[in-house]
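The structure appears right after this line, and notes come after that.
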Amino acid sequence: MEKDLSASILEEIRGKKIQPKSRWRFILREYVVWLVFFVNIFFGSLSVAVVLYLVGVSDWGLYHMLGNNPLGLVLVTLPYFWLLAFLIFLLVAYYYYEHTKTGYRYGFIKIVLLNILLSFVLGAGLYAIGAGEQAEIEFARRAPFYKDMKVRQNQIWNRPEEGIILGVIKEVDIENGQFFLKDLSGGSWLVEASGAKMHGGVTIERNFDVKVFGERQEEQIFIAKDIFPFMDKVDFSPRSVIIEIVPKHDFSGS
Amino acid sequence: MEKDSYIDLFSQKTDEELVKMALEDQDCFLHIIKRYERKLLSYIVRISGFSKEDAEDILQEVFIKTYINLNSFDDQLKFSSWIYRITHNEVINSHRRKKARPQCVLDLDNDFLANLASDMKTDKEVDENYLKKNIGEILGRLNEKHREVLILRFWEDKDYKEISDILKKPMGTVATLISRAKKSFQEELEKESVNL
């Protein structure tokens, strides 16, 4: 048996002119697998950076002003999109790591924990240099679905009947202590700001985003009690807005 | 005499040395085939339950794939683990092609029985023929993962690292698999009311 089998194997190899695949193919394959692994770690880290940025600009201190069930509202506004993106990148990175030459030796939990640690460390670094903010702004600019999602998510800050509006300042009327605001839903408001408290270094200037707490008086008139800056730098306005710089006005009277 | 010396020369070479030689000279691959064909054929028959002819077909594929991928072998693992891994994968592929569940045909030897029985820490004496017959059936009833890992451990005498490299699973998983396989074997044994 042995003689026939080994002879027939060699015959087949010779007859079909079978050659070993070149070493470079395997080296290249291994490099590609590692490259894809690191690309996924990078994008996972970028997702972490965006999450850190969004958590940083969220007005955690203001949720209690939203009335019923602030915790429920917090849960609604968590950055699920980026958390999901991070999870996907993490799983893809795991898959490719496991397919490296020795990746199978370490088990799912060890590999995933290592990847999470790596992503968080790198993500914190990317956040520190502002990459999280830039990624968020750019993504919102290029992905209309994401911008729409953010608008929907931020509607919790735009409930005029409950005394909150979120929008962009369109015109400032210094003399009368008021400004015109276009809210997230596209509605226009005249905001009486002369009696309002200004918080967080808010700027009453055209094209600045603000959150206004107060009371709706009449159709499209809002009496402001507290005004906060809206920290998220994503541009919620339609692309056709013309930007015009006007002098800052300090409504606080200082 | 010369021919014998020539053959002896190759038999003294390590697997890694033979691989290097085979990459330079195709004919040297013959020595790798001769070194492993008997072992691998038995292994294929044990884990697959295929006939000898089908097993030889699979073995042929194994050696061809080994030759084609010879440049991918490096010293991060043993050559024997690497070629056993190719064999394991080829058996799985064959099962998929035939859409067959692996059946177990075991030709047990005393060493295997002694290894397994001793590892399970049993100490009663039994009728060896009766034992051989029933343990073969019991192993045949285990699921394929458990059966294969018991065969690798107690028959092929592979250590945990080698099994890890063959099956491409972490060593912890291999240890768990072996533990569960032994437990599963014990449960089947109790059903048969065979006391080792």
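Ordering A:210, A:51 by accessible area with a probe of 1.4 Å, largest first, what comes out?
A:51, A:210
If I ignore ligands, DNA and RNA and count only protein heavy atoms, how much of residue A:78 is accessible to a 1.4 Å probe, in Å² to the nearest 10?
Surface open to solvent at residue A:78 totals about 50 Å².
Per residue, what accessible area does the range A:120-179 have, given a 1.4 Å probe and all protein chains present, in Å²?
Heavy-atom SASA per residue in the range A:120-179 reads 52 Å².
Work out the mean other chain Cβ neighbour count within 10 Å for the residues of A:12-24 and drop it here as an integer.
Taking the mean over all residues of the peptide, I get 4.
Chains A and B: buried accessible surface, both sides, probe 1.4 Å, rounded to 100 Å²?
Answer for the A-B pair: about 2600 Å² buried.
At 37 °C and 0.692 mPa s, what whole-number value in µm²/s does Stokes-Einstein give for the translational diffusion of the range A:1-72, with Rh from the Kirkwood sum over Cα pairs?
D = 178 µm²/s.
Which net charge results when you count Lys and Arg as +1 and Asp and Glu as -1 among the other residues whose beta-carbon is under 14 Å from that of residue A:231?
So the environment of residue A:231 carries a net charge of -3.
Given the Cα-Cα distance of residue B:159 and residue B:26 and 0.36 nm per residue of separation, how much length would full extension add, in nm?
44.7 nm
From largest accessible area down, sort A:60, A:189; use a 1.4 Å probe on the protein chains.
A:60, A:189
Dividing the Cα radius of gyration by the Kirkwood radius, what Rg/Rh value follows for the range B:11-65?
Over the Cα atoms of the range B:11-65, Rg/Rh equals 1.05.
Given a 10 angstrom Cα cut-off, can you work out which residue in A:227, A:129, A:204 is the most mobile in a GNM of chain A?
Of A:227, A:129, A:204, the Gaussian network model singles out A:129 as fluctuating most.
In peptide B:51-62, what is the residue-averaged number of other protein chain Cβ atoms found within 10 Å of each Cβ?
1
What number does the range A:71-154 give for Rg over Rh if you use C-alpha atoms and the Kirkwood radius?
With Rh from the inverse mean 1/r over Cα pairs, Rg/Rh is 1.07.
Given a 1.4 Å probe and the protein chains all in place, what does the accessible area of residue B:23 round to, in Å² to the nearest 10?
60
Across all directions of projection, what mean area in square nanometres is found for the Cα convex hull of the range B:2-98?
Approximately 6.6 nm², given one-decimal rounding.
Among B:96, A:216, what's the order by accessible area (1.4 angstrom probe), most exposed first?
Largest to smallest exposure gives the sequence B:96, A:216.
Output the direction-averaged projected area (hull surface divided by four) of the convex hull of the alpha-carbon atoms of the range A:23-142, in nm².
Across all orientations, the range A:23-142 yields a mean hull projection of 9.5 nm².
Pairs to check: B:65/B:183; B:65/B:145; A:150/A:170. Give those whose C-alpha atoms are more than 25 Å from each other in this structure.
Beyond 25 Å between Cα atoms: B:65/B:183.
On C-alpha positions alone, give me the angle between the axis of helix A:131-142 and the longest principal axis of chain A, in degrees, nearest 10.
Taking the Cα atoms of chain A, the angle to A:131-142 is about 80 degrees.
Evaluate the charge dipole of the range B:2-98 about its Cα centre and quote only its size in Debye, nearest 20, assuming +1 on the Cβ of each Lys and Arg and -1 on the Cβ of each Asp and Glu.
600
What accessible area, in Å² to the nearest ten, does a 1.4 Å probe give for residue B:21?
The accessible area of residue B:21 comes to roughly 50 Å².
Against the longest principal axis of chain A, how steep is helix A:2-15, in degrees 0 to 90 to the nearest 10, with axes from Cα atoms?
Long axis of A:2-15 versus the principal axis of chain A: about 60 degrees.
Calculate the radius of gyration of the Cα atoms of chain A to one decimal place, then report Dmax, the largest Cα-Cα distance, as a whole number, both in Å.
Here Rg and the maximum Cα pair distance are 28.0, 105 Å.
Identify which of A:71, A:87, A:52 has the largest mean-square fluctuation in a Gaussian network model of chain A, with springs joining Cα atoms closer than 10 Å.
Evaluated over chain A, the most mobile residue of the options is A:71.
Rounded to the nearest 500, what is the 222 nm mean residue ellipticity of chain A from helices alone, with -39500 (n - 2.57) per DSSP H run of 4+ residues and division by all residues?
Taken over chain A, the calculation gives -15500 deg cm²/dmol.
Relative to the longest principal axis of chain A, what angle (0 to 90°, nearest 10) does the C-alpha long axis of helix A:108-128 take?
Once rounded, one gets 40 degrees.
The values are calculated or read from the model by the stated rules, or taken from the named source; none is laboratory data. Bear in mind that the values here come from a model prediction, so they are computed numbers and not experimental data. With ideal geometry, Cβ positions are generated from the backbone for all residues, glycine too; neighbour counts draw on all protein chains shown. Heads up: the accessible areas ignore ligands, DNA and RNA and are worked out on the full protein's heavy atoms, side chains in. Shrake-Rupley method; radii C 1.70, N 1.55, O 1.52, S 1.80 Å.
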